[in-house]
1. Within the stretch 418-429, is even one residue in contact with a Ser or Thr (Cβ under 6 Å, 6 or more places away or on another chain) and not charged (D, E, K, R)?
2. Looking only at the stretch 212-246, filter to residues that are among the hydroxyl-bearing types (Ser, Thr, Tyr) and either within 19 Å of the chain's Cα centre (by Cα) or in a helix (DSSP H, G or I) (or both); which one of those is nearest to the ligand (Cβ to nearest atom)?
3. Would a scan of the stretch 341-351 turn up a residue that is within 16 Å of the ligand (Cβ to nearest atom) and among the acidic types (Asp, Glu)?
4. Residues that are touching a Lys or Arg at 6+ places or on another chain (Cβ under 6 Å) and modelled with pLDDT of 95 or more: does the stretch 184-196 have at least one?
5. When the stretch 195-209 is examined, which residues are found to be within 10 Å of the ligand (Cβ to nearest atom), of a type outside the set (Asp, Glu) and over 14 Å from Val292 (Cα atoms)?
6. What's the number of the only condition in (1) among the acidic types (Asp, Glu); (2) under 28 Å from Ser420 (Cα atoms); (3) open to solvent by 30 Å² or more (accessible area, probe 1.4 Å); (4) out of contact with any helix residue (DSSP H, G or I) (no Cβ under 7 Å at 6 or more places or on another chain) that Glu266 fails to meet?
7. Of all residues in the stretch 186-228, how many are over 28 Å from Thr76 (Cβ atoms) and in contact (Cβ under 8 Å) with a residue 40 or more places away in the chain?
8. Of all residues in the stretch 169-203, which are surrounded by 20 or more Cβ atoms within 10 Å (Cβ to Cβ) and in a strand (DSSP E or B)?
Amino acid sequence: MNDDQTLPRLSRAMEFPGLPVPPVRIVHLGLGAFHRSHQAWYTQHAGDSADWGIAAFTGRRPDAAEVLSAQGGMFTVVERSGNGDSFEVVGSIVEAVDGADVGRLVELVAAPATALITLTITEAAYAADTVQSDTSSTPLARLVTALAARMAAGGGPIAVVSCDNLAENGTVARSTVAAIAEDSDPALATWIEANVSFVSTSVDRITPRTTTSDLDVVADACGYRDAAPVVTEPFRNWILSGEFPAGRPRWEDAGAVFVDDIEPYENRKLWLLNGAHSILAYAGLVRGHSTVAEALSDDLCRDAVEAFWDEAARHLSDEELAIPAYRRALLERFGNSRIAHHLTQIAMDGTTKLRMRALPVLAAERAAGRSGDGAARMIAAWVAYLSSTTDIHDPLAIKMQDAKTLDGEHRTAALLALISTELANDAAAVSQIHRQLDSFAATTTHA
Ligand code: CS2
């Protein structure tokens with residue numbers, strides 16, 4: 001951080017002097033950069049933002065809460081386009097709390113004024129095996145504890161709004177929460193069913209991790225010290241579907257869109273944006289690149305993305321989705337080299353991500369009698385990446401080590417089993433992916 005102590009530290013009094021602090025009506029689980037550049041930004045830009053404060057809880061570590069608390073929850077959003085940066089202070093987070101503070105979570109969720117609980121807890125946190133491990137330290141287990149307190153306090157209906165990159169995220173959140181509640185108290189499960197609305201959303205805003213040089217950029221441009229800025233692209237998108245029984249901010253004022261059927265929008269985002277990201281991450285890392293923009297400028301990676309997009313687009317036929325324009329916009333967004341979006345960040349948790357990004361397109365293409373080679377290539381790039389590194393971040397990392405002791409097609413099959421047993425048991429699919437791996441390896445050797 002810019003340690004020029006002559007600069008003042010960002011604070012609420014500096015930016016919003018004399019303005020009342022918005023009351024907490026939103027509880028958020030997963031206080032990270034994306035929450036701040038997305039939901040916190042939308043909340044600040046809602047016409048009724050003065051009525052909607054967010055209490056945001058961190059995931060595993062207290063650090064982000066400590067840093068934000070020291071500046072009254074305030075932070076700078078740096079919008080980084082291809083031409084320059086613009087800066088805006090966001091103040092919608094009014095309380096930043098260590099996720100381990102379950103007492104405060106319980107208190108806030110039980111309060112009748114709280115109308116919404118938003119989630120960015122990562123895709124992996126919804127997995128059924130997380131539930132079975134039954135550790136009360138998982139975010140959804142904590143949420144259930146807090147909902148029990150709301151039931152006991154007569155806090156009334158509430159909405160849970162999932163903002164993680166998974167298909168039907170509201171429905172998945174509902175079934176995981178229901179399973180945990182059922183396990184601890186069937187009466188609670190019944191109350192949740194009647195009183196908690198699970199909203200599905202498709203979220204989009206590319207937000208890499210903040211670096212120390214970003215802190216200096218903010219100090220130089222804004223004249224204050226901010227230990228928690230976020231750097232993000234100008235583009236943002238939020239599509240939501242579901243009921244808000246206790247109300248919600250007017251996010252539509254900020255461009256959010258409310259729809260009845262979210263599935264086509266989710267698929268467009270998960271397949272075209274996130275799927276391409278995974279291809280660029282795995283193929284790009286194997287080929288020696290470090291950022292999305294670098295990988296995209298490599299023809300082999302770019303061709304793999306386009307081939308996958310051609311396949312996915314066949315299953316995104318609704319004209320409203322405007323796929324050609326969406327694809328063009330993605331190329332421009334990915335090509336923004338002023339945003340250093342590191343491939344290693346995207347490469348994490350591949351088992352969970354590929355289930356959403358590659359498998360549906362592969363299945364749809366094969367069901368239509370086509371090869372699905374574009375989707376198979378994404379999986380092959382993941383296998384190549386796993387074989388090329390020991391630095392793996394994945395909920396199934398330990399099982400991967402066992403798979404990696406095998407060779408050739410056996411190794412491919414064992415790794416595939418981690419994303420889909422059905423696929424791993426399908427000899428034709430295993431050979432198809434293994435062939436893609438061989439041809440990928442051949443081009444990589446000559447890169
Ligand atoms: C990325 C996403 O890390 C990843 O897996 O694909 O975080 C992506 O940047 C966001 O979904 C963009 O909205």
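1. Yes, because at least one residue in the stretch 418-429 is in contact with a Ser or Thr (Cβ under 6 Å, 6 or more places away or on another chain) and not charged (D, E, K, R).
2. So, considering only residues that are among the hydroxyl-bearing types (Ser, Thr, Tyr) and either within 19 Å of the chain's Cα centre (by Cα) or in a helix (DSSP H, G or I) (or both), the one nearest to the ligand (Cβ to nearest atom) is Thr232.
3. Yes: the stretch 341-351 contains one or more residues that are within 16 Å of the ligand (Cβ to nearest atom) and among the acidic types (Asp, Glu).
4. No: the stretch 184-196 contains no residue that is touching a Lys or Arg at 6+ places or on another chain (Cβ under 6 Å) and modelled with pLDDT of 95 or more.
5. Ser202, Val203, Arg205
6. Single failed check for Glu266: (3).
7. Qualifying residue count for the region: 9.
8. Val196, Phe198, Val199, Ser200, Thr201, Ser202, Val203
The values are calculated or read from the model by the stated rules, or taken from the named source; none is laboratory data. These figures come from a predicted structure and were not determined experimentally. Virtual Cβ from ideal backbone geometry, glycine too; neighbours counted across all protein chains shown. The area values use the complete protein model at the heavy-atom level, side chains included, leaving out ligands, DNA and RNA. Shrake-Rupley method; radii C 1.70, N 1.55, O 1.52, S 1.80 Å.
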